[in-house]
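Single-structure report; data block below.
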Amino acid sequence: MSMRIASLKKGLSNASYFAGHFLEYALVPKLFYRYRLDRLLSSLSPEERELVTKRADYYNKLNEQTPIEGGTEVGHYRFPYKKISYEGRRRRFAAYFFDQYEVMRYFPPSSRFLYIHGDVRKVPAQPTFVKSRPIVGNSTMQNADWPDSNANAVILKLNKRRHYHFVNDTKSFAEKKDMLVSRTTWCNARPWRRLFCELFWNHPMCDVGKSKAEPDEDFPESVKGFMSIEEQLNYKFIACVEGIDVATNLKWVMASNSVAVSPPMRYETWFMEGTLIPNYHYIEVRPDFSDLIDKLNYYLAHPQEAEAIIEHAHEYVAQFRNQRLELATQLTVAQKYFKKTVSG
């Protein structure tokens, strides 16, 4: 029943969200935003400008003039009516479109750009706006196919309604259960998630399982049902295991008074996962999870160190809460993209 109520609330919220964006898209002229661009960026204080520039340079690593072939002009970037009817992916395509449109509308209609919507795991051949990219320089996870540069993957804050949900956790770390919790999906298609479930679904220190059964389910004992965010916040440790790209729950976990637990991260988004420091912002465990229980026992025996990680995580999350600076950073990322790319 709680899952049905949560689904209903989410559906109503999504309907209101998309309706508002459709009205803004249809009724507000783009010229209105182009006049605002310089004014918004010039309103930044020197300290804010320094912070915005530093972050923008992380998301957009283009340092030389780079040609691009093809692409879309800002003036021709329109809602993908055909795509939203394909296999029922209406909300997904709409969410990505509106998030990118919120930035592109500030720039001249002749400005040309490339973009890929969805979970991106490879670096594009040309400079392209993406939601996610591989983290370069993580030797723990590198292999022969791992890129030595991710500069062509220029990050924007896309699909943000799903990914940037920060909680208000009123329960202290000390009040929570001395356990790790996880509700995951699609374990059969993600072998590292499957391994995680196999190892800990029945461990006394863990409440680990799948939210729902998968097609052709062959591991029924791991299916433990939906658990809300509020319910997960009753546990001291919350697993954040990557799926296709990043772990979606990492953002709200780091905003809570629980500690995020993760293997070495391979992908990053607007959250700049590549800048997170293991055992400072989150507890890092081995890729095979072989030290997970030892890590939990250590931080249960040293709660002051766990609480320090929570404090550092809160400090990190704070930079994403200022919506004015978030927009200014995205605009600076896009402005740099248009300055550093040349249409072929």
Restricting attention to the range 86-101, does a residue exist that is at pLDDT 95 or above, of a type in the set (Phe, Trp, Tyr) and either open to solvent by 60 Å² or more (accessible area, probe 1.4 Å) or outside any helix (DSSP H, G or I) (or both)?
no
If you go through the range 289-307 one residue at a time, how many are among the small types (Gly, Ala, Ser) and surrounded by 13 or more Cβ atoms within 10 Å (Cβ to Cβ)?
1
Go through the range 30-56 and give me each residue that's in contact (Cβ under 8 Å) with a residue 24 or more places away in the chain and within 23 Å of residue 268 (Cα to Cα).
51, 52, 53, 55, 56
Are any of the residues in the range 216-237 buried (at least 16 other Cβ atoms within 10 Å of the Cβ) and within 20 Å of residue 133 (Cβ to Cβ)?
no
The range 308-331, subset among the acidic types (Asp, Glu) and open to solvent by 30 Å² or more (accessible area, probe 1.4 Å), residue nearest to residue 99 (Cα to Cα)
315
Is it the case that the range 97-111 has a residue that's of a type in the set (Asp, Glu) and in contact with a Lys or Arg (Cβ under 6 Å, 6 or more places away or on another chain)?
yes
The range 234-243, residues that are assigned to a loop (DSSP other than H, G, I, E, B) and within 29 Å of residue 118 (Cβ to Cβ):
240, 241, 242, 243
May I ask you to list the residues in the range 160-210 that are touching a Ser or Thr at 6+ places or on another chain (Cβ under 6 Å), within 29 Å of residue 100 (Cα to Cα) and open to solvent by 50 Å² or more (accessible area, probe 1.4 Å)?
none
Just a yes or no: is a residue in the range 277-289 in a strand (DSSP E or B), in contact (Cβ under 8 Å) with a residue 40 or more places away in the chain and among the hydroxyl-bearing types (Ser, Thr, Tyr)?
yes
How about the range 203-255: which of its residues are touching a His at 6+ places or on another chain (Cβ under 9 Å) and hydroxyl-bearing (Ser, Thr, Tyr)?
248
Just one of the numbered conditions (1) hydrophobic (A, V, I, L, M, F, W, C); (2) part of a helix (DSSP H, G or I); (3) within 19 Å of the chain's Cα centre (by Cα) is not true of residue 306; which one?
(3)
Considering the range 45-68 alone, what residues qualify as being among the basic types (Lys, Arg) and either at pLDDT below 95 or not in a helix (DSSP H, G or I) (or both)?
61
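For (1) of a type in the set (Gly, Ala, Ser); (2) without any contact (Cβ under 8 Å) to a residue 60 or more places away in the chain, each residue gets a yes or a no:
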{"position": "169", "(1), (2)": "no, no"}
{"position": "176", "(1), (2)": "no, no"}
{"position": "183", "(1), (2)": "no, yes"}
{"position": "187", "(1), (2)": "no, yes"}
{"position": "194", "(1), (2)": "no, yes"}
{"position": "222", "(1), (2)": "yes, yes"}
{"position": "232", "(1), (2)": "no, yes"}
{"position": "241", "(1), (2)": "no, yes"}
The range 149-216: strands (runs of 3 or more DSSP E) wholly inside it with 1 or more residues that are more than 24 Å from residue 272 (Cα to Cα) are 177-184, 206-210
Check 6, 19, 15, 26 and return the single one that is touching a Ser or Thr at 6+ places or on another chain (Cβ under 8 Å), in a helix (DSSP H, G or I) and at pLDDT below 70.
6
Just for the range 129-159: of the residues that are polar (S, T, N, Q) and at pLDDT below 95, which one is surrounded by the most Cβ atoms within 10 Å (Cβ to Cβ)?
159
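The values are calculated or read from the model by the stated rules, or taken from the named source; none is laboratory data. Keep in mind the model is a prediction, meaning the values are calculated, not measured. Cβ: placed from backbone, ideal geometry, glycine included. Neighbour counts: every protein chain shown. Just the protein is used for accessible areas: all its heavy atoms, side chains included, with ligands, DNA and RNA removed. Shrake-Rupley method; radii C 1.70, N 1.55, O 1.52, S 1.80 Å.
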